[in-house]
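Only one structure is covered here, and it is reproduced in the block below.
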Amino acid sequence: MDNDTFPPFIVTPEIDDEANKRIGQYPDDKKRSAVLPLLHIIQHNFGFIDSVATEWVASKLGLEPMQVQEVVSFYPGLREHAPGKYHMRICRTLSCAMTGSAELMQRLCELTGIDRSKSDSHHNPIAVSPCGQWSVEFAECLASCGTGPVCMVNDDFHEAVTPDNAQDLLDKYDSASKS
Amino acid sequence: MSNITYLPGKEPDQREHRLIFKNIDREGWDNSIDCYIKDGGYEQLKKAFKMEPQAITNEVKTSGLRGRGGAGFPTGVKWGFIPPNNTKPVYLICNCDESEPGTFKDRYIVHQDPHQLIEGMIISAYAVGANTAYIYIREEFPEASGILEKAIEDARAKNFLGDDILGSGFNLEIYLHRGAGAYICGEETGLIESLEGKRPYPRIKPPYFPAALGLYMSPTIVNNVESLCHVKHIIGMGGEEYAKLGTPRNTGTRILCVSGDVKKPGYYEVEVGKITMGELLNDVCGGPKNGRKFKAVIPGGSSAKIMRCEETYEIKNPDGSQRNLSFYDIPMDFDTIAACGSMAGSGGVIVMDDSRKISWVLNNINHFYAHESCGQCTPCREGSMWMRKISDRIANGEATPEDVQTLEDVAYQIDGRTVCAFGEAASWPVEAIISKFRDELEAETSEENEYLSDEAKRQLAFINQ
């Protein structure tokens, strides 16, 4: 899989330690509970979850790979494809839509050179800029409906982001925002 | 109690009663354990340990606390569902998945006042006999996850968690478990399946009531963040005193989250039933935007049935007589809103003014449910997608008048026929919007679309191939 933005998946001692710590949160015979925590560790460190990572999680927890893959494929928050270095999730649900989140998405795509028509809402809803710096997707309600439109950039949360101040948002991360 | 002031511009409205949200936007406040303890935090925990667990449950029953996650089920009663001669481990789960569209309250508790939740959880765990508790937190709250992990560590360091808490003989560990962006994990059995490491396909109830067969098929109590915080205050002031807040059978306070077409959207904590819809929208939230009139309100998160602002409702008084209640006079409680055909739900009040096309609103909502359906049962999996396709056509001006009836029929074939309440959540918006705005929807349809829409052309081509 072509990806220059994130390091390749490798289990370092730190990652293994963190995995063990998470596994320890659940009863000894219920290691399967640690599927999501381990997948979060992988996505946090490597940007997305590929089949090598999935198989590692399965072997670590004594599961069949499909038992991990069914979780990876179900949750919108887990990614099987590399996002951009800065991944933006814009809320599309009712209250934010009423404040103009669709227009915000359009503006962000303009500013970052992203062509959303190439993304597929079922299998890969993420659209990445040609340079790999930015990516976007719509997310469902982010629980801040009074301050819409809201979006997340990686793990940062931003309120009242409009087409007019969208450039300021991008500048916080990378002032050379056009790809 | 020291004098509490709030950050400029974030002062509570005079009609609020800040109990759970006492420390939100508070001047000089931070989310550390030291700040919390200095303000009297964890004293209620010490008081709780002087009581028997059953006595705590009784206080919660006396208080009349109803779940604040959306169902409004009496919390004390839920706790009482654990089988009496149970020998399996009991689990307490805090549902911090806050994903009901229109709801934004638990967010502030976990970011700004995490120890209120932790103290509430310890008291609740002690009451129900749980030695392990999990906070299931939505993935989109990464900052709060870090805050809660630290808060748990700090609480452990002071022996509020761990073994033999404060010499009580009670052990408790709290762990954080992050979700991954699925609304269905807010459903308590979907959450449990997710916690077990599987796809979050909800379980059918009966028999899988979590209090009997929950996490790992052990008795499990799942409570909303806000509900668990109320427990701390109930122990602090006593159930009887708490029940004086609010109104009969609708006691205490709750946080209302107002969004949409009002001048002052935001969160407001009020005594349940002591403020009317009109007072909330016009006085507290400043009324509609300039030049606009209120059109419709969804009072309890997107799953709640929409209400028209010009409606009058015929409801029954406790003594059996009838009365007429206009929309703006509805008290913001659980029972009256239910009597008017909707639900107070999660407290997410979404307001629409006369600039909004109802077909657009309906379509936005249908996209949400079609996306979030877990897919396990046929009526919801097929129906939610079907309803979305029809409302797509209506919103794009490509629907026929029959489409509106079909949409309604599909909704009623989902409602009541699914494994979990998501079926109702997906179908009620459609049922209510069609029931109240049928004319407006049908006005956007045309008989001609039977032959002109892209979908019709595709179908004709398929039939004629």
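Working carefully through the options B:Glu431, B:Glu447, B:Glu440, B:Glu408, find the one that is acidic (Asp, Glu), surrounded by fewer than 18 Cβ atoms within 10 Å (Cβ to Cβ) and in a helix (DSSP H, G or I). Just a single option satisfies the conditions, and that option is B:Glu440. The set of residues in the range B:236-276 that are among the acidic types (Asp, Glu), away from chain A (no Cβ under 14 Å) and under 29 Å from B:Phe49 (Cβ atoms) comprises B:Glu240, B:Glu241. The residue that is surrounded by the fewest Cβ atoms within 10 Å (Cβ to Cβ), among those in the range A:31-56 that are touching a residue at least 40 places away in the same chain (Cβ under 8 Å) and away from chain B (no Cβ under 14 Å), is A:Val52.
Please go through the range A:132-176 and give me each residue that is among the small types (Gly, Ala, Ser) and either crowded, with 21+ Cβ neighbours inside 10 Å or at positive phi (or both), ordered by number.
Restricting attention to the range A:132-176, the residues satisfying the condition of being among the small types (Gly, Ala, Ser) are A:132, A:135, A:139, A:143-144, A:146, A:148, A:160, A:166, A:175-176.
Passing the criteria: A:Gly132, A:Ser135, A:Ala139, A:Ala143, A:Ser144, A:Gly146, A:Gly148, A:Ala160, A:Ala166.
Name the single residue that is farthest from B:Cys185 (Cα to Cα) among those in the range B:60-75 being among the β-branched types (Val, Ile, Thr) and out of contact with any Pro (no Cβ under 9 Å at 6 or more places or on another chain).
Taking the range B:60-75 and keeping what is among the β-branched types (Val, Ile, Thr), we get B:60, B:62, B:75.
Filter again for out of contact with any Pro (no Cβ under 9 Å at 6 or more places or on another chain), leaving B:62, B:75.
Working: B:Thr62: 30, B:Thr75: 20 Å.
My answer is B:Thr62.
Say we look at the range B:247-269 and pick out the residues that are of a type outside the set (A, V, I, L, M, F, W, C) and in a loop (DSSP other than H, G, I, E, B); which of these is farthest from the chain's Cα centre (by Cα)? Even if it seems obvious, please write down each step before you answer.
Taking the range B:247-269 as the starting set, the residues that turn out to be of a type outside the set (A, V, I, L, M, F, W, C) are B:247-254, B:259-261, B:263-269.
Retained after the next criterion (residues that are in a loop (DSSP other than H, G, I, E, B)): B:248-249, B:252, B:261, B:263-265.
Working: B:Pro248: 21, B:Arg249: 19, B:Gly252: 16, B:Asp261: 21, B:Lys263: 23, B:Lys264: 21, B:Pro265: 18 Å.
Per the criteria, the residue is B:Lys263.
Set side by side, the residues B:Glu98, B:Glu119 differ, and just one is in contact (Cβ under 8 Å) with a residue 12 or more places away in the chain and within 13 Å of another protein chain (Cβ to nearest Cβ), which is B:Glu98.
Between B:Lys274, B:Lys232, B:Lys263, the distinction of being among the basic types (Lys, Arg), closer than 23 Å to B:Thr336 by Cα and modelled with pLDDT of 95 or more belongs to B:Lys274 only.
Among the residues of the range B:356-384, write down those that are part of a helix (DSSP H, G or I), in contact (Cβ under 8 Å) with a residue 12 or more places away in the chain and within 11 Å of another protein chain (Cβ to nearest Cβ). Of everything in the range B:356-384, those that are part of a helix (DSSP H, G or I), in contact (Cβ under 8 Å) with a residue 12 or more places away in the chain and within 11 Å of another protein chain (Cβ to nearest Cβ) turn out to be B:Trp360, B:Val361, B:Leu362, B:Asn363, B:Ile365, B:Asn366, B:His367, B:Phe368, B:Tyr369, B:Ala370, B:Glu372. B:Ser218 fulfils the conditions (1) within 29 Å of B:Gly423 (Cβ to Cβ); (2) assigned by TED's automatic domain parsing to the domain that holds B:Lys295; (3) among the hydroxyl-bearing types (Ser, Thr, Tyr) except for a single criterion, (2). Mind counting the residues in the range A:132-175 that are among the polar types (S, T, N, Q), outside any loop (DSSP other than H, G, I, E, B), within 25 Å of B:His367 (Cα to Cα) and away from every other protein chain (no Cβ under 14 Å)? Matching residues across the range A:132-175 total 1.
Summed over the range B:426-465, the residues that are at pLDDT 85 or above, under 16 Å from B:Thr406 (Cβ atoms) and among the small types (Gly, Ala, Ser) give a count of 4.
Just to be sure before I move on: is B:Asp353 acidic (Asp, Glu), in contact (Cβ under 8 Å) with a residue 12 or more places away in the chain and facing another protein chain (nearest Cβ under 10 Å) in the structure I sent?
Yes: the conditions hold for B:Asp353.
For the range A:60-93, filtered to residues that are out of contact with any Cys (no Cβ under 6 Å at 6 or more places or on another chain), within 25 Å of B:Gly186 (Cα to Cα) and more than 12 Å from chain B (Cβ to nearest Cβ), the residue that is surrounded by the most Cβ atoms within 10 Å (Cβ to Cβ) is A:His87.
What about A:Ser95, is it in a helix (DSSP H, G or I), outside the structural domain of A:Gly47 (by TED's automatic domain parsing) and either over 24 Å from B:Gly102 (Cα atoms) or of a type in the set (Val, Ile, Thr) (or both)? Walk me through how you get there before you give the answer.
On the way: in a helix (DSSP H, G or I): yes; outside the structural domain of A:Gly47 (by TED's automatic domain parsing): yes; either over 24 Å from B:Gly102 (Cα atoms) or of a type in the set (Val, Ile, Thr) (or both): no.
Here the answer is no, as A:Ser95 does not meet what is asked.
Working carefully through the options B:Arg199, B:Arg203, B:Arg178, B:Arg138, find the one that is more than 9 Å from chain A (Cβ to nearest Cβ) and either at negative phi or not charged (D, E, K, R) (or both).
Values: B:Arg199 fails: more than 9 Å from chain A (Cβ to nearest Cβ); B:Arg178 fails: more than 9 Å from chain A (Cβ to nearest Cβ); B:Arg138 fails: more than 9 Å from chain A (Cβ to nearest Cβ).
After ruling out the rest, the residue left standing is B:Arg203.
For B:Tyr175, the stated conditions hold: it is outside any helix (DSSP H, G or I), in contact (Cβ under 8 Å) with a residue 40 or more places away in the chain and surrounded by fewer than 23 Cβ atoms within 10 Å (Cβ to Cβ).
To keep it simple, each residue is scored yes or no on (1) without any contact (Cβ under 8 Å) to a residue 24 or more places away in the chain; (2) crowded, with 18+ Cβ neighbours inside 10 Å; (3) farther than 26 Å from B:Ala243 by Cα.
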site	(1), (2), (3)
B:Lys10	yes, no, yes
B:Arg18	no, yes, no
B:Phe21	no, yes, no
B:Asn31	no, yes, yes
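The values are calculated or read from the model by the stated rules, or taken from the named source; none is laboratory data. None of these values were measured; they are calculated from a predicted model. A quick note on method: Cβ atoms are made from the backbone with ideal geometry, for glycine too, and the neighbour counts reach across all protein chains shown.
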